[in-house]
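Notes follow once the structure below has been shown.
The values are calculated or read from the model by the stated rules, or taken from the named source; none is laboratory data. Here the structure is a predicted model, which means the values were calculated and not measured. Ideal geometry is used to build each Cβ from the backbone, glycine not excepted, and the neighbour counts take in all protein chains shown. The protein model used for the area step is the full one, side chains on, heavy atoms only, and it has no ligands, DNA or RNA in it. Shrake-Rupley method; radii C 1.70, N 1.55, O 1.52, S 1.80 Å.
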Amino acid sequence: MKKNILLILLMLSYSVFANDGAFFAKGNQLIPINETDITVRKEILTLKKIRNQFIEVTVYYEFFNPKEDKKITVGFEAFSPEGDVDGAPRNGKHPYMRDFTVELNNSILKYDVAYVSDSLYNKNGTIKSLDMTKFDGNKSGNYVDFFYVYHFEANFKKGLNIVKHTYNYDLSGSIDYNYDFEYVLTAANRWANKQIDDFTLIIDNGEFETFSINKTFFKTSDEWLINGIGKTEDIKGSKNAFIENDALKFHLQKGNIIFQKKNFKINGDLFLYAQNYLGIQDLEYIPFSYYQEDKIVQPKNDFQRKVLKNLPFARRGYVFQNQDLNQFYKKMDWYIPNPNYQPNAEILTDGEKKWIEKWK
């Protein structure tokens, strides 16, 4: 017996003001509309930030179909971006999403792209695309009146089915956030088991990064593994402050972070952000990756110049013999002292070498 089911992978967007920032995309789980038998045995979700420009998403699923083979219509729903962007299609596809691939049981699946304007585009398993020559809504600019559905046919055999899915999308940002991205985890509750039996989330934001994750689907830092060198701190949210939600802040010198859960009953979604540090004066605080910024406060004396010059070494945990420098960097929330680290300018990045030369 065969039946058509529509599975949707949402990439929703939220509103930002046109000149304050841009939100490009938001990831989601594969979710069924009608399916009641298939369960999610395993998922490995990897989110990797590339050159502070885009997010690379890789998802590995193990689905279990306890009954006969099913022909399934699968959809990936990508809502249009908003803000300081242009939502018009590029080459018929989402303008800020690329390299979309799906592999089912070792077979690459072909897909089509439909333009739709509401959630009623599914007609008995068929996805009907808008005729853009007749569509009278906004088709370009900061806000458009349609979104994208990437869809394809797939045969789910009886038993275990392995799905591999990849894509990448431009990194969002605003006045408040250097960057941010989201992923809707709760959609996995739509499967028959109302959970993910074995879930792993891997986030790789690169070296020397400070970022926060809202405490939505987890409660404590003990639920995370820092696979490398780093530390965490708890952030208390306030409705009257910039940070509205309780969060866990990560200071990561190198490596990635991993969240693992068995029988994962999800009650919250992922929101990750790196705060912009604006209005810093007199070098009272230097962010972890501040040397990459152009908006550096000019040093007012020799000590401040020394602080800037030694930033690449402080980032690696150097314990300064100069007590003034030592006391300054001990106040930085990201500083992780490493008595075994010996500074070596030759193995620094090209950017760091230029930085040191700048403040000699």
Could you pull out every one of the aspartates and glutamates with an alpha carbon less than 14 Å from that of LYS134, ignoring same-chain neighbours closer than 8 positions?
ASP145
GluC sites (Glu not before Pro) in region 46-120 lying in a DSSP loop, each with at most 13 other Cβ atoms within 10 Å of its Cβ, come to GLU68
Beta bridges by DSSP in the chain, antiparallel share as percent, to the nearest 5
85 percent
State whether region 131-227 is rounded, prolate or oblate according to the following rule on the C-alpha gyration tensor (a ≥ b ≥ c being the square roots of its eigenvalues): a/c under 1.5 gives rounded; otherwise a/b larger than b/c gives prolate, and the remaining case gives oblate.
oblate
Only Cα pairs under 8 Å and at least 6 apart count here; give the relative contact order of the chain as a rounded whole percent.
18 percent
Roughly how many Å² is the accessible area per residue of the chain, as a whole number, for a 1.4 Å probe?
49 Å²
Computed over all unlike Cα pairs, the Kirkwood hydrodynamic radius of the chain in Å stands at 22.6 Å
Spin-label point model (7 Å from Cα, Cβ direction): what's the GLU207 to GLU103 distance in nm?
2.9 nm
Which of rounded, prolate, oblate describes region 63-109, given a ≥ b ≥ c as roots of the alpha-carbon gyration tensor eigenvalues and a/c under 1.5 marking rounded, otherwise prolate only if a/b is larger than b/c?
prolate
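What is the percent carbon and sulfur in the accessible area of the chain, measuring with a 1.4 Å probe over the protein chains and ignoring ligands?
Working: 8180 of 17770 Å².
Roughly 46 percent, rounded to a whole number.
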When a/c reaches 1.5 or more, the comparison of a/b and b/c decides; with that in mind, is region 49-166 rounded, prolate or oblate per its Cα gyration tensor?
oblate
Part-to-part distance (alpha-carbon centres) for region 116-153 and region 41-70, which is given in Å:
25 Å
In this model, which of LYS194/LYS254; LYS164/LYS265; LYS128/LYS262; LYS49/LYS123; LYS49/LYS70 are farther than 28 Å apart at the alpha-carbon?
LYS194/LYS254; LYS128/LYS262; LYS49/LYS123; LYS49/LYS70
